[in-house]
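The values are calculated or read from the model by the stated rules, or taken from the named source; none is laboratory data. All values derive from a computational prediction rather than experimental measurement. Note: ideal-geometry Cβ built from the backbone for every residue, glycine included; neighbour counts use all protein chains shown. SASA here: full protein model, heavy atoms, side chains in, ligands and nucleic acids out. Shrake-Rupley method; radii C 1.70, N 1.55, O 1.52, S 1.80 Å.
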Amino acid sequence: MMRFDREQLQMVLALFLVAAIAAVLLGMTDLFTREPIAAAQRQTLHHALEQVLPGHNNDPQAEAAVVAGHEIYPARQDHALAGLAWEVVAPDGYSGSIHILIGLRPDGRLLAIRVTDHKETPGLGDGIVRNQSWLDSFRDHGLDDIRWLVKKDGGDFDQFTGATITPRAVVKAVKGALEFYRANRAAIVTRFGDSTDAAVAAEVGK
Amino acid sequence: MNRQALFVDGFWHNNTIFAQLLGMCPLLGVTTSAENGFWMGVATLLVLLGSNLVVSLVRGVIPKNVRIPAYITIIAAFVTIIGMLMDAWMHQMYLVLGLFIPLIVVNCAILGRAEAFASKNSVADSVVDAVAVGLGFTFALILLGGVRELLGQGELFGFSVFGDSYPDVLMFILPPGAFIALGFILAGVNWINRRLAARAAARAASGDAAVAVEVG
């Protein structure tokens, strides 16, 4: 049978106590901060949603639902569906993924896009955050009325001086979002349609 | 060493950045603006304060052979706690500093102070040391962040200094600018230190002369 001498026992006991106390403190901090962290994340998302959704008087986060693999936030004005928002990820940015919040009218035209997370080069690729006129060039466009490529690739969207990869990735991701909406529009509108729409859908279903 | 000398030593003569060149990863990574540098420095200061305090409290209790894993656990716990608190109440800054907050664990300056100072000194001295070293580190981060923000964007703490016509010198925001600005700052610090040393030597020499006159 193995025997521990006094010194070994002291070492085990010391490390055990340090780890146990640290674990208790971490657990307490987690309990204490869990709700504020969730609130801060909701607040951050709320600000982003307000920038891509049209005027509405519902709570898009409270009514969010997952349709076809995307968590979609609906905006309603007096129960009528006014806009939809969801986040897409462009995996092919210049340095890592670019997260983009898409704001769409129910007819499939863009309201606004907003980059929520990126690691692009400051001063070059980060024009996708700072260059408002470039961001505005997406407004009101649908899948078919504009060529969804940067100008260098024969499309209609500007690239930035010294940065082509970043806007190319964003344009591609936004186009993908519009294609996703076209493919799943029926399911999405059925899910978020206002009460009248739902009644109509039920009627048609009969 | 008295407390005042201890403080000056931690803040200036043994400054983590200027003298020891430790903690380069957060220094170069987050200092694209003075504000980022400030909050990274504050987070590091709080971790250092916690770890120095606890390590000096348990000195003599932790067996020598397992002291390093014990210190790392203590430091990691403080880093995680500070990270959660920032996530909860300074969410935007937490998002900006991102990965560099958990990486405070591997800032060798913090383990260095635990091992070299807090494990051998009283609680009060360890706290003074932590505050001095932490403020010195914060000062270096604000200085480098301020220089890069000023030259790179013409702003300081987000306020325009050079006006809208200033042509942003992008290089200072990019990683090479961090190294170049740090090089000039280190040169400046060395120049100041040499001036201080020369003045001290001159004072000592004149003191000797006075003694010599008196003896004469």
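With the requirement that a residue be open to solvent by less than 20 Å² (accessible area, probe 1.4 Å) and in contact with an Asp or Glu (Cβ under 9 Å, 6 or more places away or on another chain), what does the stretch B:79-92 give you?
B:88
If the requirement is being free of Cβ contacts under 8 Å to residues at least 24 places away in the same chain, away from every other protein chain (no Cβ under 14 Å) and small (Gly, Ala, Ser), which of these qualifies: B:109, B:88, B:116? Break it down into steps so the answer makes sense when it comes.
Details: B:109 fails: free of Cβ contacts under 8 Å to residues at least 24 places away in the same chain; B:88 fails: away from every other protein chain (no Cβ under 14 Å).
Within the list B:109, B:88, B:116, the selection yields B:116.
Given the conditions (1) farther than 30 Å from residue B:47 by Cβ; (2) out of contact with any helix residue (DSSP H, G or I) (no Cβ under 9 Å at 6 or more places or on another chain); (3) within 14 Å of another protein chain (Cβ to nearest Cβ), and given that residue A:7 satisfies all but one, which numbered condition is not satisfied?
(2)
Just to check your reading of the model, which residue among B:126, B:165, B:122 is surrounded by fewer than 15 Cβ atoms within 10 Å (Cβ to Cβ), more than 30 Å from residue A:47 (Cα to Cα), more than 14 Å from chain A (Cβ to nearest Cβ) and touching a residue at least 60 places away in the same chain (Cβ under 8 Å)? First the steps, then the outcome.
Values: B:126 fails: surrounded by fewer than 15 Cβ atoms within 10 Å (Cβ to Cβ); B:165 fails: touching a residue at least 60 places away in the same chain (Cβ under 8 Å).
The conditions single out B:122.
Do you know which of the residues in the stretch A:81-104 that are among the small types (Gly, Ala, Ser) and in a strand (DSSP E or B) is farthest from the chain's Cα centre (by Cα)?
Just the residues of the stretch A:81-104 that are among the small types (Gly, Ala, Ser), to begin with: A:82-83, A:85, A:90, A:93, A:95-97, A:103.
Applying the additional criterion that residues be in a strand (DSSP E or B) yields A:82-83, A:85, A:90, A:93, A:96-97, A:103.
Details: A:82: 19, A:83: 15, A:85: 8, A:90: 11, A:93: 16, A:96: 15, A:97: 12, A:103: 10 Å.
For the stretch A:81-104, the residue satisfying everything is A:82.
Are any of the residues in the stretch B:132-140 open to solvent by less than 60 Å² (accessible area, probe 1.4 Å), closer than 23 Å to residue B:74 by Cβ and more than 19 Å from the chain's Cα centre (by Cα)?
Our first condition is that a residue be open to solvent by less than 60 Å² (accessible area, probe 1.4 Å); within the stretch B:132-140, this holds for B:132-134, B:136-138, B:140.
From what is left, the residues that are closer than 23 Å to residue B:74 by Cβ are B:132-134, B:136-138.
Now drop any that are not more than 19 Å from the chain's Cα centre (by Cα), which leaves none.
Scanning the stretch B:132-140, I find no residue that is open to solvent by less than 60 Å² (accessible area, probe 1.4 Å), closer than 23 Å to residue B:74 by Cβ and more than 19 Å from the chain's Cα centre (by Cα), so the answer is no.
For the condition among the charged types (D, E, K, R), surrounded by fewer than 18 Cβ atoms within 10 Å (Cβ to Cβ) and within 21 Å of the chain's Cα centre (by Cα), what is the one hit in A:107, A:153? Please lay out each step first, then the result.
Details: A:153 fails: within 21 Å of the chain's Cα centre (by Cα).
Step by step, each of A:107, A:153 is checked, and only A:107 is among the charged types (D, E, K, R), surrounded by fewer than 18 Cβ atoms within 10 Å (Cβ to Cβ) and within 21 Å of the chain's Cα centre (by Cα).
Take the residues of the stretch B:57-72 that are part of a helix (DSSP H, G or I) and over 20 Å from the mean Cα position of the chain (by Cα): which is surrounded by the most Cβ atoms within 10 Å (Cβ to Cβ)? Talk me through it step by step, then tell me what you get.
Initially, the stretch B:57-72 is screened for residues part of a helix (DSSP H, G or I), giving B:57, B:64-72.
Filter again for over 20 Å from the mean Cα position of the chain (by Cα), leaving B:57, B:64-70.
Details: B:57: 13, B:64: 10, B:65: 12, B:66: 16, B:67: 19, B:68: 13, B:69: 15, B:70: 24.
The extreme case among them is B:70.
Among the listed residues A:125, A:142, identify the single one that is farther than 23 Å from residue B:153 by Cβ and not in a strand (DSSP E or B).
On the way: A:125 fails: farther than 23 Å from residue B:153 by Cβ.
Answer to the check: A:142.
Of the conditions (1) in a helix (DSSP H, G or I); (2) among the β-branched types (Val, Ile, Thr); (3) over 30 Å from residue A:35 (Cα atoms), residue B:75 satisfies every one except a single condition; which number is it?
Unmet for residue B:75, out of (1) in a helix (DSSP H, G or I); (2) among the β-branched types (Val, Ile, Thr); (3) over 30 Å from residue A:35 (Cα atoms): (3).
What do you reckon, is residue A:121 within 14 Å of the chain's Cα centre (by Cα) and surrounded by 15 or more Cβ atoms within 10 Å (Cβ to Cβ)? Steps first, please.
Numbers: within 14 Å of the chain's Cα centre (by Cα): no; surrounded by 15 or more Cβ atoms within 10 Å (Cβ to Cβ): yes.
Taking the combined requirement at face value, the residue does not satisfy it.
Before we move on, is residue A:31 out of contact with any strand residue (DSSP E or B) (no Cβ under 9 Å at 6 or more places or on another chain) and not small (Gly, Ala, Ser)? Step through it out loud before you land on a result.
Details: out of contact with any strand residue (DSSP E or B) (no Cβ under 9 Å at 6 or more places or on another chain): yes; not small (Gly, Ala, Ser): yes.
Answer is yes for this residue.
Name the pairs whose Cβ atoms lie under 8 Å apart, with the first residue in the stretch B:91-102 and free of Cβ contacts under 8 Å to residues at least 60 places away in the same chain, the second outside any helix (DSSP H, G or I) and β-branched (Val, Ile, Thr), and 6 or more positions between them or separate chains?
Matching pairs, first to second residue: B:94/B:101.
Residues being small (Gly, Ala, Ser), more than 9 Å from chain B (Cβ to nearest Cβ) and surrounded by 14 or more Cβ atoms within 10 Å (Cβ to Cβ): count how many of those fall in the stretch A:21-46.
The number of residues fulfilling the criteria is 0.
What's the total number of residues in the stretch B:141-161 that are open to solvent by 70 Å² or more (accessible area, probe 1.4 Å) and out of contact with any helix residue (DSSP H, G or I) (no Cβ under 8 Å at 6 or more places or on another chain)? I'd like the intermediate steps shown before the answer.
We begin by selecting, within the stretch B:141-161, every residue open to solvent by 70 Å² or more (accessible area, probe 1.4 Å); these are B:153, B:157, B:159-161.
So of that shortlist, the ones also out of contact with any helix residue (DSSP H, G or I) (no Cβ under 8 Å at 6 or more places or on another chain) come out as B:153, B:159-160.
Here the count works out to 3.
Kindly check whether there is at least one residue in the stretch B:60-75 that is within 13 Å of chain A (Cβ to nearest Cβ), hydrophobic (A, V, I, L, M, F, W, C) and in contact with an Asp or Glu (Cβ under 8 Å, 6 or more places away or on another chain).
Filtering the stretch B:60-75 down to residues within 13 Å of chain A (Cβ to nearest Cβ) leaves B:60-75.
With the extra rule that they be hydrophobic (A, V, I, L, M, F, W, C), the set shrinks to B:61-62, B:66, B:68, B:70, B:72, B:74-75.
Now narrow it down to the ones that are in contact with an Asp or Glu (Cβ under 8 Å, 6 or more places away or on another chain): B:68.
Yes - at least one qualifying residue is present in the stretch B:60-75.
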